[in-house]
Amino acid sequence: MKEFEHYIKSYFGIVQEEDLKNIVSFFKLKTIQKGNFLLKPNSVCEKLCFVESGILRTYRTTDTKEITLWISKKGHFSADISSFIFEIVSQWEIQALVDTEVYIITKEDYNKIGALVQKWPEFEKTFTISCFSVLEERVFSHLSMTAEERYESYFQQNKELFNQVPLQYIASFLGMTPETFSRIRKKQLL
């Protein structure tokens, strides 16, 4: 739990010890078995989770392919934020790629935090900005980097995933076809 508290501080900024204890008390540790879903499409996302161990994939299936939006590993939050906050139907699926331990907070409990933690709106704003910043960086890399540069950057930051996640999911996440990904990977391994 101490490690989880450390991550909460890194995402939410400076949090007083009492506030931290109140926030953390709402999260419950749960195991999601490999292949099981945290979220299915056409349902409302009612849980925000933090990956303690394992890997979750957020994706959407179209008529022609699956598109991987995000791969969450240890230290990442996972949810369909729009669905969670605005209580709208999700089009995303979140699936465990391996047995995954997550700290989960329900929407109902999430809404209770504000009554206990006076600075919650400030913490929530910091968290939202942090998520937005990651998204901005991802969009920028897709617009400014070549496929080879995206591959190399992601590989340097996530080497362990290349042995744990099916490579077509990583290719999709990086915005390339499996064939392009395979060609680049082959070149990198030479």
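Tabulated values for the structure
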read-out: Among the candidates Ile129, Ile94, residue that is within 24 Å of Thr62 (Cβ to Cβ) and assigned by TED's automatic domain parsing to the domain that holds Leu48; value: Ile94
read-out: Single match in Arg57, Arg150 (criterion: over 15 Å from the mean Cα position of the chain (by Cα) and modelled with pLDDT of 95 or more); value: Arg150
read-out: The listed residue being loosely packed, with under 12 Cβ neighbours inside 10 Å, among the acidic types (Asp, Glu), touching a helix residue (DSSP H, G or I) at 6+ places or on another chain (Cβ under 9 Å) and part of a helix (DSSP H, G or I), out of Glu160, Glu149, Glu136, Glu179; value: Glu179
read-out: Meets criteria (touching a Cys at 6+ places or on another chain (Cβ under 6 Å), at pLDDT 95 or above and not in a helix (DSSP H, G or I)) for Ile104; value: yes
read-out: Selected residue (criterion: farthest from Pro121 (Cα to Cα)) from residues of region 1-60 that are free of Cβ contacts under 8 Å to residues at least 60 places away in the same chain and among the aromatic types (Phe, Trp, Tyr); value: Phe37
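The values are calculated or read from the model by the stated rules, or taken from the named source; none is laboratory data. Model, not experiment: these values are computed from the prediction. Neighbour counts are summed over all protein chains in view; Cβ atoms, including those assigned to glycine, are modelled from backbone coordinates with ideal geometry.
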